[in-house]
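This report refers to the structure that appears directly beneath it.
The values are calculated or read from the model by the stated rules, or taken from the named source; none is laboratory data. Note that the structure is predicted; figures quoted are calculated from it, not measured. No Cβ is skipped: glycine too gets one built from the backbone with ideal geometry, and neighbour counts run over all protein chains shown.
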Amino acid sequence: MRWKQLFVIMTAVALLLIAGCERKVTEQITNVLPAESAGYIGSQACSACHSETYINFKRTGHPYKLNYADSAFLPVGEYYPFTSVPLPADLTADDVFMVIGGFRWKARYINNQGEILTGDDRQYNFATDEFVAYDASTAPTKDYKCGPCHMTAYRDDGGHQLGLPGLIGTWEFNGIQCEECHGPGQLHAASPYEVDMKIDRSSEACGKCHIRGAVNKIPASNGFIKHHEQWNEMFTTKHQALQCVDCHNVHYTLHPSAPQTERDMAINLNCENCHLAETESFENTTIDAHLTSPFAPTCIDCHMARAAKSAVAMDTYVGDIRSHLWRINTDSTAEMFTEDGKYANGYLTLEYVCLQCHTTETKGWAARHSSDVHVNPGAPNNESSSSMTISTR
Ligand code: HEC
Ligand code: HEC
Ligand code: HEC
Ligand code: HEC
Ligand code: HEC
Ligand code: HEC
Ligand code: HEC
Ligand code: HEC
């Protein structure tokens, strides 16, 4: 540890001498200051100058990872933008000190010792408005060790946040605030044109939390990909060459209850922007209903089917989180998961893609029709397209 700090300080000094670049040195030195003086100022402080970003960001899930219970129980819109968390029937408000999540899929509860409540009825699922069991093997409680992925400037320092024995580690702020991604803001806020904030566009920066285990495997259980592993999924595909933020703008919400115009802001590039040929071949499909039906599928309905699960599955082949595998295996015998069911094979199979809507059909039916979904203009089986060409001449 000492060595590392010395090295960083020497690098800082060297930079000062060699490059004479004041700004870099300030950054290097802030990095080696003890955490107490590291200069975190909180998202609210950024709003003074970045008010639009702040207002939109407060409607995303990131800042709501860990919440004081009295705020979480407030009516919709008074704390969470789209939800309100209910209390398990056998508890009173005094039993619950904090709520984990509650922004979108599910909520879990923390007691006055900082421990997570486990066992029957200790997880609330929004989609079904039901309480279900959570980690019954540890009931009635377990320690809260989830900080590295849920907090701003988490420190695995042997300490306990707020001095509560169940809260493992310490941190600057509850939830993923601006400074978790952009670094401490005190110096920048004091002189924004002198001190830049960190901007890290790499998938690894998001993958720090949107990961499960080793990145080259895709953990699964009970017929679904597990949640929070978008980076594992993407890593196995050709989209590995992209960054998460090529598609995502994390300052805007993707909550399904948000107006579509707002959700649109959260996606920088749509599939159609890059895949011109496949967009055209999709528009040439021989399955007319896929273009005309009010329930017709979009690119992401098929290529990002909900094959992952966070809270609760909606049907045999429908989870509640969109997959980031994109690739579809059209073989009727292809298996989505390894034989032991513990990992996904790295592509979507047709029951998760087609049978989510065509619930009464079989995988064999889907396989027979899947080559009709994208049809090349001019290809021999594309009758509607060729007759169109003739009629316009
Ligand atoms: C006093 C006003 C002020 C405050 C407070 C402030 N900023 Fe800024 N910020 C600016 C200005 C002005 C710029 C544009 C600077 C420039 O163009 O060089 C900027 C730029 C940025 C950038 C882009 C940097 C780049 O290299 O393009 C980020 C990221 C950023 N701020 C994040 C934050 C965060 C996070 C906070 C809160 C911790 C914050 N800012 C607080 C005024 C402020
Ligand atoms: C989950 C990580 C994350 C969080 C949290 C986050 N940002 Fe960003 N921010 C980014 C990334 C990544 C970029 C670069 C986006 C790009 O280039 O496509 C960025 C870009 C910016 C920029 C410069 C470009 C722009 O969009 O204006 C500003 C300013 C900024 N962020 C401010 C903020 C403020 C203020 C907050 C909190 C209210 C915040 N960010 C929260 C990841 C984050
Ligand atoms: C420190 C951990 C962490 C980092 C870093 C992080 N995320 Fe997240 N992300 C989360 C957690 C936890 C949630 C769930 C928030 C909730 O619903 O309570 C989430 C939610 C999301 C959502 C859904 C948000 C919504 O409003 O519906 C998107 C999209 C997302 N993250 C993308 C990204 C991208 C892209 C990056 C990198 C720029 C990133 N995340 C960086 C932990 C992180
Ligand atoms: C490796 C990082 C990581 C760890 C460790 C982690 N989470 Fe998460 N968690 C995430 C991300 C990312 C999301 C949102 C994206 C997703 O679910 O695919 C999330 C989502 C959640 C949600 C749903 C939030 C909502 O608004 O619906 C809850 C609840 C949750 N986590 C609880 C926990 C608990 C409890 C622990 C510890 C026992 C834990 N998580 C550990 C990364 C993590
Ligand atoms: C920024 C541009 C970009 C965007 C946006 C984009 N893609 Fe891609 N996609 C690519 C590139 C580049 C490849 C690799 C092409 C190749 O090597 O032939 C690719 C490959 C793919 C593949 C094959 C993956 C594999 O591993 O075999 C599928 C399927 C795909 N994209 C679907 C989609 C869908 C669906 C969307 C919208 C959610 C989308 N893409 C958005 C650029 C993009
Ligand atoms: C009804 C489901 C469905 C919809 C909707 C759909 N696709 Fe596809 N897509 C498929 C199937 C199935 C394949 C595999 C075709 C094959 O192998 O012959 C495919 C193949 C692709 C590929 C080639 C992947 C590779 O391995 O090279 C890309 C890229 C792609 N689609 C993009 C898109 C885009 C962009 C849209 C929206 C305009 C879209 N798809 C809409 C089902 C769909
Ligand atoms: C090729 C584009 C693309 C890339 C790359 C991409 N995403 Fe996504 N992601 C999307 C789209 C599209 C959605 C669905 C948006 C919607 O709800 O309409 C989505 C949804 C999500 C969600 C919410 C899941 C849900 O079911 O609503 C999370 C979390 C997320 N992405 C995280 C990430 C992370 C982390 C990365 C990088 C490891 C990443 N994404 C890379 C396009 C992309
Ligand atoms: C988001 C929902 C959705 C998805 C996903 C979807 N479809 Fe469809 N599809 C429809 C609707 C709606 C119709 C028109 C109503 C009907 O006939 O059931 C339709 C009609 C069809 C038809 C013509 C009517 C028939 O029943 O013979 C075929 C063939 C077809 N789809 C094949 C596929 C294949 C193959 C896939 C997967 C690669 C797929 N669909 C994925 C919604 C979907």
Can you tell me which of SER332, SER293, SER281, SER257 is among the hydroxyl-bearing types (Ser, Thr, Tyr), within 19 Å of the chain's Cα centre (by Cα) and modelled with pLDDT of 95 or more?
SER257
For region 186-209, which residues satisfy the criterion of being within 16 Å of ligand 5 (Cβ to nearest atom) and not small (Gly, Ala, Ser)?
ARG201, CYS206
Tell me, which helices (runs of 4 or more DSSP H) wholly within region 263-381 include 2 or more residues that are surrounded by 15 or more Cβ atoms within 10 Å (Cβ to Cβ)?
276-283, 299-303, 350-353, 363-369
Exclusive hit being more than 16 Å from ligand 7 (Cβ to nearest atom), on the phi > 0 side of the Ramachandran plot and modelled with pLDDT under 95, set GLY341, GLY378:
GLY378
Go through the residues of region 211-231 one by one and say whether even a single one is assigned to a helix (DSSP H, G or I), crowded, with 16+ Cβ neighbours inside 10 Å and not polar (S, T, N, Q).
yes
Residue count, region 146-185, condition in a loop (DSSP other than H, G, I, E, B) and of a type in the set (D, E, K, R), comes to 3
Set ALA136, ALA127, ALA153: member being more than 22 Å from the chain's Cα centre (by Cα) and either among the aliphatic types (A, V, I, L, M) or farther than 28 Å from SER47 by Cβ (or both):
ALA136
What residue, among those in region 267-281 that are touching a residue at least 24 places away in the same chain (Cβ under 8 Å) and more than 10 Å from ligand 5 (Cβ to nearest atom), is nearest to ILE199 (Cα to Cα)?
GLU280
Those residues of region 90-100 which are surrounded by fewer than 20 Cβ atoms within 10 Å (Cβ to Cβ) and in a loop (DSSP other than H, G, I, E, B), in sequence order
ASP90, LEU91, THR92
All but one of (1) surrounded by 15 or more Cβ atoms within 10 Å (Cβ to Cβ); (2) within 11 Å of ligand 1 (Cβ to nearest atom); (3) of a type in the set (D, E, K, R); (4) free of Cβ contacts under 8 Å to residues at least 24 places away in the same chain hold for ASP200; which doesn't?
(1)
Would you confirm whether any residue within region 55-63 is loosely packed, with under 14 Cβ neighbours inside 10 Å, away from ligand 8 (no atom under 16 Å from the Cβ) and at positive phi?
no
Which numbered condition in (1) touching an Asp or Glu at 6+ places or on another chain (Cβ under 9 Å); (2) assigned to a loop (DSSP other than H, G, I, E, B) is the only one that HIS188 fails?
(2)
Of the residues in region 232-242 that are surrounded by fewer than 17 Cβ atoms within 10 Å (Cβ to Cβ) and in a loop (DSSP other than H, G, I, E, B), the one that is farthest from ligand 6 (Cβ to nearest atom) is LEU242
Name the pairs: first residue in region 129-141 and touching a residue at least 24 places away in the same chain (Cβ under 8 Å), second residue of a type in the set (Gly, Ala, Ser) and part of a loop (DSSP other than H, G, I, E, B), Cβ to Cβ under 9 Å, at least 6 apart or on different chains?
PHE131/ALA89; VAL132/ALA311; THR141/GLY166
Among the residues of region 292-301, is there at least one that is away from ligand 3 (no atom under 16 Å from the Cβ), closer than 20 Å to GLU229 by Cα and touching a residue at least 40 places away in the same chain (Cβ under 8 Å)?
yes
Scanning region 115-129 for residues that are closer than 18 Å to PHE73 by Cβ and in a strand (DSSP E or B), which turns out nearest to ligand 6 (Cβ to nearest atom)?
ASN125
Look through region 101-127, keep the residues that are surrounded by 21 or more Cβ atoms within 10 Å (Cβ to Cβ) and of a type in the set (A, V, I, L, M), and return whichever of them is nearest to LYS309 (Cα to Cα).
ALA107
Quick check on GLU229: is it away from ligand 2 (no atom under 16 Å from the Cβ) and within 18 Å of ILE176 (Cα to Cα)?
yes
